[in-house]
Structures are given as structure tokens and as C-alpha cells.
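Notes follow the structure.
The values are calculated or read from the model by the stated rules, or taken from the named source; none is laboratory data. Computed from a predicted structure; not experimentally measured. Because the Cβ atoms are built from the backbone with ideal geometry, glycine has one as well, and the counts that use them run over all protein chains shown. Accessible surface areas use protein heavy atoms only, side chains included; no ligands, DNA or RNA. Shrake-Rupley method; radii C 1.70, N 1.55, O 1.52, S 1.80 Å.
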Amino acid sequence: MATRKTIFACQECGATSPKWMGRCPDCGAWGSVIEELRGPAGTAKGVKHQAGPVPISKIPTDSTQRSSTGFPELDRVLGGGIVPGSVILLGGDPGVGKSTLLLQILAAQALKGEKVLYVTAEESLRQIGIRAERIGRGTEDLLVLAQNDFPAVREAVLSSSTSTVVLDSVQALHHPDISSSPGSISQVREITSEAVALAKSRDVAIWLIGHVTKDGAIAGPRSLEHLVDTVLYFEGDTSHSYRILRAVKNRYGSTNEIALLEMTGGGLIEVADPSSLFLPSPGRRSPGSTAVMGMEGTRALMVEVQALVAASPFPNPRRTVSGFDLSRVLLILAVLDKRAGVQTGGLDVFINVAGGLRLTEPAADLGVALALVSSLREKPVPTRTAICGELGLSGEIRSVPRLQDRLQEASRLGLDRAIVPSAGLERLRDKQNMDLISVDNIEEALDAAFA
Ligand code: TYD
Ligand code: MG
């Protein structure tokens, strides 16, 4: 430890100096110099040393016995549970429920007899106690430590044989070897890389909580993503009770998976049937609304898309989009104009995906297009009709991945009619007893929806 010293290194070119400078004298970059720890302990990246290379078939894999979080949905996002020795970064806005989620996970693990440790550097033991009371669980195997000094936390982890540790939050912990204040880039990086070393050498799973600031930048967890095994983001505005947990990086599972949770008076609960949540009852259908067969990761999800096209009081009409990509909406409007003669030039256009959800895949294009035309013509899309298809620049409707899963979900929710791309339809195994209307281009789709 004594041989470690702090130096100041430029993040652009790697030049070092013994003191901080606003501008790197080597490459001339401004504000790129940050404090770093150099020396034996800082260079140990935590991978256990071995004598020499081994055949791949001889590598023991029994250590990948995963531990359940108590939330089957979350286990699925993690790729089947928590891997021992992994480091998971949970990012999210303050107040979204990160501490609540992790306390619940630890409580569930403790209930199964695993020894777990919750380290809080932000709150008092009393506050944790009050939260634990709300979620209504607690056993002897869930230990809580209020401490913000990182070496002391490491000692606690080393001396107690825990299987999972939560550090809440990485921004509030302090490493005494670095002079900058807690939450600075140098501090959070050093703490994260030492936490990784600790996790790998002791086979404990470590959760790091990181706050994301609104501008996303200040020492935010983004600068830590490459250091850890898994990065989860906890999303949802505090005015809605629904929360989405999204994997953006996962060494032990697939990304793009989401879990839907709901914040209640007694902690977070899983949303059992997310599709029914985001879809209005099949009977109601007003102009400007469509039921889109969406996909979140490997899960099909029915989502309601709403559009409003109205006369604009302004010389420059507005295009306001929430939950969908604005540039794709502009493209859809252009294709509608050019290929189907649907003009929205002087009109305001609003698009909204119900329930605060975000649709990111092009397969939702056709649903958005039909919602727009439906609002413009004041004509509802027939009830119980599900829609999917990607819109090409020449007005063609392109095939979508996993049509089978989408139809299955739509049929499960009681929809019995679907407008789908004709391309790729021959590969469909089962029509799910649905009335399938296959379309090749946007004009055919408009005919199918509004004939
Ligand atoms: P918290 O987990 O402290 O958020 P974070 O750690 O991400 O900053 O809690 C977030 C909010 O959740 C807080 O405003 C209180 C609320 N809450 C509930 O609604 N129900 C509960 O059971 C608990 C524990 C908290
Ligand atoms: Mg918190």
C-alpha cells in the first residue's frame, strides 16, 4: 500500500504529471487531466493468477451457480440470476428506487439462507431500518453497514463471508488514497476497479449503485461501464409508479432485456402481465390509436401508440414525439406524403407511446403510420386489430423479426385480426387463429385499415 502514489494523467493521451493542470501540456486537451492511483495494488485488476494456459474443456464452470434475486423477471434480465464474483452496476435517477430494489433482493437472498451485506454510504442505519420495515422483511443473514470509507468496507467484506454485497452508492464512498472529493471521476473509478478486484478474488457478487445526473455526465456511472460485468439501468419517472429495468451490458446474458416493476407502498413488485397494462381494453378504439405488436428483448409486448394530428396555430407546425424516435416519425410522414398522398405539411403532429414506454424498433413504423392517418381522417382503426411492419423509403412494408411470438402475444390478449408484412409470412408456423391481412406497401396497409 505504501508504494502507491497518486499522479495526474491525461485521459486523452496518457501523459502524466505530479500536479493537476487544466490543460494537458502534451496534447493540449482541456480538462482531461484527472487524478489516478499508480502502484502494485492499483494495477491488480483482480483476475486470479494461474500457473499457465489450460485447455478450454478443463475450465471448471460449476462456479457459475447463479443465485436468484427473488424477482423471476430480474433473473431473466441478468441471464438467469446473479453470477458469483460478478460486479453489477445499477444506474438510475435519484429517487427511482435503486436502494429499495437492492434491499429487497438482499432480503430475498437472506431468506434463502445466503449471507449478504448492504453497505450504505448515503443513509443512516435508521433510514435503512425504516425502509426494511416498509418492504416488510429482514433476517439475521442480512447485515447492514453504514460506512463511506472504502478500505473499511473492504475489511468488512473480507472478514464476513458474504455471497453478495451492495455498495450504495459508488459516488458516496471515499477512497483515502485519492485527494479529490467523493463522487469525482478519480474516486469512483478507483473504487470500482478495487471492487472488481475484490469480487473476483473472493467470488462475491458486488452490486454498485450509481446515480445518473440529468445531464448524464458528472462522474456518472457511464465512465464505469467498461470496468464492470453487467450494467443495468433503472428507468421511469417518479410521477408514474412503473419502473423499467434495462440491461445495457451483460457478460453473462443478453442485453436489451427488460423487467417491469411497480413501486408500491410496500416496495417493488413485478408486473405480471405487462402487455395488458400498455394496451387499452380491446373494445375501446378511438381515432389515432393503434395496437402495436412490439418486442422488448426476447419478449413480445403489445403497446398502444397514440397520434394526434391537428391544425397548427403556428407558422412552423410542431412534431412532438414521446416514446419513439423523432427522426423515424419525420421519415414516416415523408413516406406517407410521397407514397400515399397523405399530407400533414401545415399540421401539428403528436405521437405518444402509452404508459411511458419507449419503442425502439422499426417494426413499430406501420403502427405509427396508421395511428397518424387514423387521427388525420378521424377514423378509428377497427377494434381488436394488431399491427406491425417496418416502413421502407419507397413505401414498402418490410418483414419483422419474430412475427410468431408477436402474433401469439396479440392473440393471448384477445386480438383476432392483424395487419402484417407479407414478406416472411410463409415462415409462420401457426396463425394463432387470427385473421391475417398481409400487406406489401403503405397503400395496401391503408386500405386494410380504413377500407
Ligand atoms: P429509493 O430506493 O430511496 O430511491 P433511490 O435509492 O433510487 O434514490 O426510493 C425511491 C422512492 O420510493 C422514495 O421516494 C420512496 C418510495 N418508496 C415507495 O413508494 N414504497 C416503498 O416501499 C419504499 C421503500 C420507497
Ligand atoms: Mg438510494
- prompt: Looking at VAL309, is it open to solvent by less than 10 Å² (accessible area, probe 1.4 Å), hydrophobic (A, V, I, L, M, F, W, C) and either in contact with a helix residue (DSSP H, G or I) (Cβ under 7 Å, 6 or more places away or on another chain) or under 30 Å from ARG76 (Cα atoms) (or both)?
  reply: no
- request: Have a look at GLY346, GLY266 and point out the one that is surrounded by fewer than 17 Cβ atoms within 10 Å (Cβ to Cβ), out of contact with any helix residue (DSSP H, G or I) (no Cβ under 7 Å at 6 or more places or on another chain) and modelled with pLDDT under 95.
  value: GLY346
- request: Go over the candidates SER67, SER99 one by one and state the one that is buried (at least 20 other Cβ atoms within 10 Å of the Cβ) and either away from ligand 2 (no atom under 16 Å from the Cβ) or among the aromatic types (Phe, Trp, Tyr) (or both).
  value: SER67
message: Can you tell me which of (1) within 16 Å of ligand 1 (Cβ to nearest atom); (2) open to solvent by 20 Å² or more (accessible area, probe 1.4 Å) is the one VAL271 doesn't meet?
response: (2)
message: Please determine whether any residue of segment 130-137 is in contact (Cβ under 8 Å) with a residue 40 or more places away in the chain, within 16 Å of ligand 1 (Cβ to nearest atom) and among the small types (Gly, Ala, Ser).
response: yes
statement: Matching residues in segment 71-96 (within 16 Å of ligand 1 (Cβ to nearest atom), open to solvent by 10 Å² or more (accessible area, probe 1.4 Å) and within 15 Å of the chain's Cα centre (by Cα)) number 1
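For segment 78-96, which positions are within 16 Å of ligand 2 (Cβ to nearest atom) and in a loop (DSSP other than H, G, I, E, B)? Give the derivation first.
Let us first name the residues in segment 78-96 that are within 16 Å of ligand 2 (Cβ to nearest atom), namely 88-96.
Residues satisfying the conditions are ASP93, PRO94, GLY95, VAL96.
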query: strands (runs of 3 or more DSSP E) wholly in segment 366-451 with at least 3 residues that are in contact (Cβ under 8 Å) with a residue 60 or more places away in the chain and either touching a Phe, Trp or Tyr at 6+ places or on another chain (Cβ under 6 Å) or under 14 Å from VAL292 (Cα atoms) (or both) - which ones?
result: 385-387
query: From the set of residues in segment 291-343 that are free of Cβ contacts under 8 Å to residues at least 40 places away in the same chain and of a type in the set (Lys, Arg), which is nearest to LEU260 (Cα to Cα)?
result: ARG319
query: Any idea which of (1) within 24 Å of the chain's Cα centre (by Cα); (2) assigned to a helix (DSSP H, G or I) is the one ARG358 doesn't satisfy?
result: (2)
Pairs, first of a type in the set (S, T, N, Q) in segment 96-111, second open to solvent by 10 Å² or more (accessible area, probe 1.4 Å) and more than 9 Å from ligand 2 (Cβ to nearest atom), C-beta under 6 Å, six or more apart: GLN104/ILE135
task: At least 2 residues that are under 24 Å from ALA369 (Cβ atoms) in each: list the strands (runs of 3 or more DSSP E) lying fully within segment 235-316 that qualify.
output: 289-296, 299-311
